[in-house]
Amino acid sequence: MAKLPIPAAPILVVGDIMCDHYVWGDVERISPEAPVQVLRWEREADKPGGAANAALNLAALGCRVRLVGFVGNDDPARWLLRTLKRAGIDTKGIVQSGERPTTLKTRVMARGQHMLRIDRETRAPLDPRNERLVVSAVRKAKRGVAGIVCSDYDKGVLTNRVFRAVVEGPRHPFVTVDPKCRDFRKYRGADLLTPNEKELADATPALGAATGERDITRRAESLMRQVGFKALLVTRGSSGMDLFESTGRRIRCTHIPALQRHEVFDVTGAGDTVAAVLTMAAAAGIPLAEAARVANAAAGIVVGMVGTAVADSDTLAEMIGGEASQARSKVLSPKALAARLADARRLGETGVFTSGAFEALGVRDLQRLQHARARGELLVVGVNGDPSTGPARAEMLAALRFVDYVTLISERSTSRLIRTLRPDVVV
């Protein structure tokens, strides 16, 4: 298995710390009061978002992480701080005050569809007192770090003064910015920006409407020459990524294709993952083009999950080492799978487990798996039989869209595995 490029020193994450709140339910009728759908509530749960999601991605991959930002004196903030500390993240740089709320994004989901989003936030810049506290926290936390990730959702935390504290000094560490502000001049001094296609177009309105691939090159090169960025990584969804690097007078473009065009469940937080993992790899001394490929693999894993999510370190290592396809990201060890099922239980989801050899996958096998999937929200398949062909059969099953996770069974009986996984339903 390939070794993940993890720096010895910590990574600092600075920016907008958010709480992503999910409400799941079902829609069966229209309200008699107005022409709107009525959601029958089923469950709800919270996930860290923004800079908190970037920090969790780094911690899950084995990095030491420091986080600087702002939260309110409210329930979402208290939940976020508990969750971040439980993940081993240094939260001493988080400023807490009752003067503004923690950014809370509530997403209403029904039948696999995103129906509505409600944002509770204050987008005005931090007041002078809290800005001074965040600036002080940045200066203290950046000492001795290998790299810095700036997660800017334009919520007023990453002000000009805060960002200048990030890049000040003659020898600041590698700095990556995931930008939302349309004026990229604000980020002058950063080593790398990771805009998507729309953000790149919004930052270059003088060049007119976006027209295609050549237009991306024209806009990226214009920004780099005007503002002096060393590199831009433009994320393009299923079209992969384009990395632009300044090599003196010339700007070199490297295209990183998507590893596999597969079903995307949720792109929430994918930008956080790209910026965080790319900074990790670059800070470990990996060339930028190779670091972008590592980040591309990590993003490919998390967009196959619902909500803000983190990449599994073993799966990512196998993917960058060429030992597995994207489907392989759904094949987990029993220990890793038990943790995923525990998360699902906390979200109120029903986990279903079934098993078999699946030596020659046929129509009856597919019907059985679809029947099992209909019993809950999460289908886990255990694969037994010939151990020499087990990994290949597991990867084949993982490529099925209605199979959520697959694990290999090393024993004849599934009883011990079932006790470890604790599924809600066994088929």
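The values are calculated or read from the model by the stated rules, or taken from the named source; none is laboratory data. Worth saying up front: this structure is predicted, and the values here are computed from it rather than measured. Please note: Cβ atoms are built from the backbone with ideal geometry, for glycine as well, and neighbour counts cover all protein chains shown. Accessible surface is based on the protein model in full, side chains and every heavy atom, while ligands, DNA and RNA are left aside. Shrake-Rupley method; radii C 1.70, N 1.55, O 1.52, S 1.80 Å.
Here are a few things to note about the model shown:
- Counting only residues that are assigned to a loop (DSSP other than H, G, I, E, B), out of contact with any Pro (no Cβ under 9 Å at 6 or more places or on another chain), open to solvent by 30 Å² or more (accessible area, probe 1.4 Å) and within 19 Å of Ser151 (Cα to Cα), segment 88-101 holds 0 of them.
- Of the residues making up segment 125-140, just one is part of a loop (DSSP other than H, G, I, E, B) and open to solvent by 50 Å² or more (accessible area, probe 1.4 Å), namely Pro125.
- Conditions (1) open to solvent by 10 Å² or more (accessible area, probe 1.4 Å); (2) in contact with a strand residue (DSSP E or B) (Cβ under 9 Å, 6 or more places away or on another chain): number failed by Leu58: (1)
- Options Leu12, Leu81, Leu104: the member that is surrounded by 13 or more Cβ atoms within 10 Å (Cβ to Cβ) and not in a strand (DSSP E or B): Leu81
- Figure legend. Inter-residue proximity from segment 64-77: first residues in a helix (DSSP H, G or I), second residues crowded, with 19+ Cβ neighbours inside 10 Å and aliphatic (A, V, I, L, M), beta-carbon distance below 7 Å, spacing 6+ or different chains. Indicated pairs: Pro76/Leu104; Ala77/Val71.
- For first residues located in segment 406-427 and more than 13 Å from Ala336 (Cα to Cα), partners that are open to solvent by 70 Å² or more (accessible area, probe 1.4 Å) and modelled with pLDDT under 90 and lie 6+ apart or on another chain with Cβ distances below 7 Å form the pairs Val425/Arg375; Val427/Arg375.
- Take the conditions (1) touching a Gly at 6+ places or on another chain (Cβ under 6 Å); (2) farther than 30 Å from Trp24 by Cα; Arg123 misses just one of them, which is (2).
- Annotation note: of Leu347, Leu341, Leu288, Leu337, the sole residue that is modelled with pLDDT of 85 or more, more than 16 Å from the chain's Cα centre (by Cα) and open to solvent by 20 Å² or more (accessible area, probe 1.4 Å) is Leu288.
- Scan of segment 374-398 for residues that are within 11 Å of Thr350 (Cβ to Cβ) and either outside any strand (DSSP E or B) or touching a Cys at 6+ places or on another chain (Cβ under 9 Å) (or both), ordered by number: Ala374, Arg375, Gly376, Glu377
- Lone unmet requirement of (1) assigned to a strand (DSSP E or B); (2) touching a Ser or Thr at 6+ places or on another chain (Cβ under 6 Å); (3) of a type outside the set (Asp, Glu) for Leu39: (2)
- Total residues in segment 44-55, condition under 25 Å from Ser97 (Cβ atoms) and either assigned to a helix (DSSP H, G or I) or open to solvent by 10 Å² or more (accessible area, probe 1.4 Å) (or both): 8
- Only a single criterion out of (1) crowded, with 21+ Cβ neighbours inside 10 Å; (2) without any contact (Cβ under 8 Å) to a residue 60 or more places away in the chain is not satisfied by Phe353, namely (2).
- Residue within segment 62-69 that is under 30 Å from Arg139 (Cα atoms) and either touching a Phe, Trp or Tyr at 6+ places or on another chain (Cβ under 9 Å) or surrounded by fewer than 21 Cβ atoms within 10 Å (Cβ to Cβ) (or both) present: yes
- In this entry, Arg143 is excluded by the filter for residues that are part of a strand (DSSP E or B), open to solvent by 10 Å² or more (accessible area, probe 1.4 Å) and either within 22 Å of Ile6 (Cα to Cα) or touching a Ser or Thr at 6+ places or on another chain (Cβ under 9 Å) (or both).
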